[in-house]
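What follows is one structure encoded as structure tokens, with my remarks underneath.
The values are calculated or read from the model by the stated rules, or taken from the named source; none is laboratory data. Owing to the predicted nature of the structure, the values given are computational and were not obtained by experimental measurement. Note that we place each Cβ from the backbone using ideal geometry, even for glycine, and neighbour counts take in every protein chain shown. Remember, those area values only see protein heavy atoms, side chains included, never the ligands or the DNA or RNA. Shrake-Rupley method; radii C 1.70, N 1.55, O 1.52, S 1.80 Å.
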Amino acid sequence: MEEHDAVIVGARPAGSTLAIALADRGWDVAMVDRDTFPSTTVSTHLLYPKTLARLESLGVLDALQAEHELRFVTHRVHGLGHETAGTFTSFDGYDRGAAPRRIALDKAGVDTALKRGVKGLFGTRVVELIGAGTDEDPARGVLLDDGREIRAPWVFGADGRGSVVASRLGLEKQRPQRGELAISYSYWRGISATDEITLQIKLDEMLYHGPVEDGLFMLIANGPADLAQGTKPERERKYMEMIRRFPETFDPAQLEAAEMVTDVTVAPEPLMQGFFRTPAGPGWALVGDACHFKHPATAQGIGDAVEQAIYVAEALSRPKPSLAGYEEWRDARSAEHYDWSFAWGRFPNPEIAEDLFRGWASEPQAGQDLRDALARQIEPSQLMSKERLTRWFASAPEPASAG
């Protein structure tokens, strides 16, 4: 049997951030993950300025850049023929984003945690919790699939939307939402370098593309459910066909001399259904996607995971440690952004979408607010103010009359 101050289940951004933040505050931490590192997982990519600043303060960004060439990018939205592009409002010196692959980002987080003295237990699964997580029987450790017992007064579930910790605690998903998009993506070598991430939106499909790290380029197709269905060759064919249909922002001729360096990864729509879970109880807490899952269309999952982990570490390291305010804090941060993410996770409403894209593109401050809403620097209601919407819809061109 091992004993620690905390055991964290899951070592990707939620878990490694929590491990670093606790270790920096004097905790003895063990971190368990079924995977070994480096390894990847299905994910969005973009890190916004606040998350980059957080990762810099934790030492993760330095670890990432020590091993990889990272490109810092501006952001462009090309919606129904209307375009807005630029930087984000600066946060702690960062006004651009970055989009490293998870195989690179997650290893940087793990390596940083291990250098802080965190004990890593990788390639092994948690099969049971010790304790029921109730007032009468608080959580106090985990059992691993190799028979080891890890005891700790705090058990943290940072193990994703299919969390084993949440399952063993009997936590149900609350306030579910679902989108419409399926996603498929791959990484490429030999595509012209750029310092911009682009999202091009049509009424029935979308393309998200830009640089990741080490000279690689991502091409992410978003479309109907059929995109992620069929055999592996069928899914690849549909992916290749779709990424060639956006010449306004990506020249498909570049594919002829480029190399697809990974298989096509698919994320069917059911994999992206949203929820909340009760985030904390006696001896346990959840962070990251285990705690709350938004639609990945707005790429806020990693940022949320980092913020939640830091909140938990700070709250439990005070003279009077408590997570009594954790759920209220989480829900207040997510109140608007949960629905906002699923608005982007559905096909555009043809009755209003063009007026919105035209408005964002025609007014520089509105375009800036769009980028900053995606970056969680302002609320969607500030972007979509009543004054703006009234003005945009009142000035929308009248449809051409027949004859």
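Restricting the search to region 43-60, which residues are closer than 25 Å to ALA221 by Cβ and either small (Gly, Ala, Ser) or open to solvent by 70 Å² or more (accessible area, probe 1.4 Å) (or both)? Break it down into steps so the answer makes sense when it comes.
Kept after step one, since they are closer than 25 Å to ALA221 by Cβ, are these residues of region 43-60: 43-48, 51.
Answer for region 43-60, where residues must be closer than 25 Å to ALA221 by Cβ and either small (Gly, Ala, Ser) or open to solvent by 70 Å² or more (accessible area, probe 1.4 Å) (or both): just SER43.
Name the single residue, out of those in region 274-301 being more than 20 Å from THR40 (Cα to Cα), of a type in the set (A, V, I, L, M, F, W, C) and assigned to a strand (DSSP E or B), that is most open to solvent (accessible area, probe 1.4 Å).
For region 274-301, the residue satisfying everything is ALA280.
With the condition being closer than 28 Å to ASP106 by Cβ and at pLDDT 95 or above, I'd like the strands (runs of 3 or more DSSP E) fully within region 170-273 carrying at least 3 qualifying residues. Reasoning before the result, please.
On the way: elements: 174-177, 182-189, 196-201, 206-211, 216-223, 265-267.
It comes to 174-177, 182-189, 196-201, 206-211, 216-223.
Check LEU61, LEU18 and return the single one that is free of Cβ contacts under 8 Å to residues at least 60 places away in the same chain and either part of a helix (DSSP H, G or I) or closer than 30 Å to PRO268 by Cβ (or both).
Among LEU61, LEU18, only LEU61 is free of Cβ contacts under 8 Å to residues at least 60 places away in the same chain and either part of a helix (DSSP H, G or I) or closer than 30 Å to PRO268 by Cβ (or both).
Would you mind stating whether PHE393 is under 26 Å from LEU271 (Cα atoms), open to solvent by 50 Å² or more (accessible area, probe 1.4 Å) and either modelled with pLDDT under 95 or part of a loop (DSSP other than H, G, I, E, B) (or both)?
In short, no.
Residues of region 354-381 being among the small types (Gly, Ala, Ser) and farther than 21 Å from GLU307 by Cβ, which ones?
Here is the first cut: in region 354-381, the ones among the small types (Gly, Ala, Ser) are 359, 361-362, 366-367, 373, 375, 381.
GLY359, ALA361, SER362, ALA366, GLY367 - these are the residues of region 354-381 that are among the small types (Gly, Ala, Ser) and farther than 21 Å from GLU307 by Cβ.
Condition check ((1) open to solvent by 20 Å² or more (accessible area, probe 1.4 Å); (2) in contact (Cβ under 8 Å) with a residue 40 or more places away in the chain) across all residues:
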residue	(1), (2)
TYR326	no, yes
GLU336	yes, yes
GLN365	yes, no
GLN382	yes, no
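Report those strands (runs of 3 or more DSSP E) wholly inside region 70-169 carrying at least 1 residues which are aromatic (Phe, Trp, Tyr), touching a residue at least 12 places away in the same chain (Cβ under 8 Å) and open to solvent by 50 Å² or more (accessible area, probe 1.4 Å).
Because the criterion is at least 1 residues that are aromatic (Phe, Trp, Tyr), touching a residue at least 12 places away in the same chain (Cβ under 8 Å) and open to solvent by 50 Å² or more (accessible area, probe 1.4 Å), the strands (runs of 3 or more DSSP E) in region 70-169 that meet it are 72-79, 119-122, 154-157.
Looking only at region 184-200, count every residue that is farther than 16 Å from ARG244 by Cβ and open to solvent by less than 10 Å² (accessible area, probe 1.4 Å) and tell me the total.
1
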